[in-house]
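**Q** What follows is a single structure, and I will ask about it in a moment.
The values are calculated or read from the model by the stated rules, or taken from the named source; none is laboratory data. Just so it is clear, the structure is predicted and the values come from calculations on it, not from any experiment. All Cβ positions, even for glycine, are placed from backbone atoms using ideal geometry, and neighbour counts span all protein chains on display.
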Amino acid sequence: MLLGVSGGIAAYKAASLARALLKAGATVQVVQTAGAREFVGPATFEGLTGRPCYGGVFEDVHRINHIRLAREADVAVFAPATANLIAKMALGIADDLVTSVALSLTCPVVVAPAMHTEMWLHPATQENVRTLQGRGVVIAGPDEGELAGGDVGPGRLADEEQLVAAVLGSLTPPAGPLSGRRIVVTAGGTREPIDPVRYVGNRSSGKMGFAVAAEAVRRGALVDLVTGPTHLPAPPGVTVHHVETALEMRAAVLPLADKADIVVKAAAVADFRPATYHEQKLKKEDGGLERVELVRNPDILAELGERKDGRVLVGFAAETDLEEERGRDKLHRKGIDLIVINRVDFADAGFNVDTNRALLLSADGGRVEVPLTTKAELARVILDQVESLVERADP
């Protein structure tokens, strides 16, 4: 695979990315812009990859490097991709080795933007990104966080795990049980508005559902992710549908589920919503907040259980006690194939953290206990179980 490094301060992270890609089994060929070499010298990449790191159009001219390197690549990732590099790629400018290689590629391409917030949000950059996406380029990130000079905002290079997933996901999907299957994943919590300022909600961050969606893409699935409000970046290769309320989630999920082979309901959907929405902000002095009448929301998981039509249905249950007893009841009452029960009363598991512990129960009596682990690893365990269900269902 080809790793193109451009001249942003995040270039130092490209060395760690190269190493991670090597650990994932890739042969990594690095090309650099002149600006990138101001941050990280070629010797660093050559020591890591065991291959020459090219930076000039006139290096080994007789080998016509920009064509040779492009033809050898099964997938290419540009990380970091500055606003300048993105603009050149969108316009087809080839004025150095990196852009000449980029213009010669016929393989899948991943672009990982990294720049200051003002540059990322500029209409020209956004238009260039849309141009690349229209050509099939996967845009991975950027994340929101600390930037050079102490600034904070969107523009930070996506984390290493996300970039590796984007690169691997861009390759020909593996020929596994989920390859080519349509999967709907729900994530995050819903917000049920009281007035333009306040809402009824919960503490779900969406991390578990996003991890399941990312893992499903890695296994070759076609993934629709329906998510409540969250600050998480969209997993590469996933089609994201943003919703806010339980009713909006129901309206998005049901038609998608009708076309899906598998539905994983990881979202924490509010059980109730305010009976009345107030167009104007309620004033505490008027007593309008002393009592908020609630009405029950539709049970989306139960509806999906009633209209399964042969698809695999996975539910989640967030519990604080009697988790196995409550989980088995929900498993059978709602007609689902697999339930993931997680305790949310521990500081290191459940909402708003990167780790989880869970108990997986299946309708056929299966039981898998997962000790404390990352949500990414738990997603792998969940989809292992889903693959087993799919294989058993296939004639």
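**Q** Any chance you could count how many residues in segment 297-341 are farther than 24 Å from Glu391 by Cα and touching a Gly at 6+ places or on another chain (Cβ under 6 Å)?
**A** Within segment 297-341, residues that are farther than 24 Å from Glu391 by Cα and touching a Gly at 6+ places or on another chain (Cβ under 6 Å) number 1.
**Q** Residue under question is Asp337, and the condition is that it be charged (D, E, K, R), out of contact with any Pro (no Cβ under 7 Å at 6 or more places or on another chain) and buried (at least 21 other Cβ atoms within 10 Å of the Cβ); does it hold?
**A** yes
**Q** From (1) touching a residue at least 40 places away in the same chain (Cβ under 8 Å); (2) assigned by TED's automatic domain parsing to the domain that holds Arg311; (3) closer than 25 Å to Leu256 by Cβ, pick out the condition that doesn't hold for Tyr199.
**A** Going through the list (1) touching a residue at least 40 places away in the same chain (Cβ under 8 Å); (2) assigned by TED's automatic domain parsing to the domain that holds Arg311; (3) closer than 25 Å to Leu256 by Cβ, Tyr199 breaks only (1).
**Q** What number of residues in segment 259-316 are surrounded by 14 or more Cβ atoms within 10 Å (Cβ to Cβ) and aromatic (Phe, Trp, Tyr)?
**A** Looking only at that region, the number is 2.
**Q** Just one of (1) out of contact with any Pro (no Cβ under 7 Å at 6 or more places or on another chain); (2) under 25 Å from Ala268 (Cα atoms); (3) buried (at least 21 other Cβ atoms within 10 Å of the Cβ) trips up Val197, so point out which.
**A** Of (1) out of contact with any Pro (no Cβ under 7 Å at 6 or more places or on another chain); (2) under 25 Å from Ala268 (Cα atoms); (3) buried (at least 21 other Cβ atoms within 10 Å of the Cβ), only one is false for Val197: (3).
**Q** Could you check segment 278-312 and list, in sequence order, the residues that are within 20 Å of Thr245 (Cβ to Cβ) and at pLDDT below 85?
**A** Matches in segment 278-312: Leu289 only.
**Q** Now for a different question. Taking the stated definitions as given, is Thr227 touching a strand residue (DSSP E or B) at 6+ places or on another chain (Cβ under 7 Å) and hydroxyl-bearing (Ser, Thr, Tyr)?
**A** Yes.
**Q** Something else now. Mind checking whether some residue in segment 244-256 is under 16 Å from the mean Cα position of the chain (by Cα) and surrounded by 21 or more Cβ atoms within 10 Å (Cβ to Cβ)?
**A** No, segment 244-256 contains no residue that is under 16 Å from the mean Cα position of the chain (by Cα) and surrounded by 21 or more Cβ atoms within 10 Å (Cβ to Cβ).
**Q** Separate question: Give segment 151-164 a look and list any residue that's under 17 Å from Tyr12 (Cα atoms) and either among the hydroxyl-bearing types (Ser, Thr, Tyr) or loosely packed, with under 15 Cβ neighbours inside 10 Å (or both), or say none.
**A** If the condition is that a residue be under 17 Å from Tyr12 (Cα atoms) and either among the hydroxyl-bearing types (Ser, Thr, Tyr) or loosely packed, with under 15 Cβ neighbours inside 10 Å (or both), then Glu161 is the only one that fits.
**Q** State all residues of segment 305-358 that are within 22 Å of the chain's Cα centre (by Cα) and aromatic (Phe, Trp, Tyr); if no residue qualifies, say none.
**A** The answer is Phe316, Phe351.
**Q** Another one. Got a number for residues in segment 250-281 being more than 15 Å from Glu192 (Cα to Cα) and in contact with a Lys or Arg (Cβ under 9 Å, 6 or more places away or on another chain)?
**A** 10
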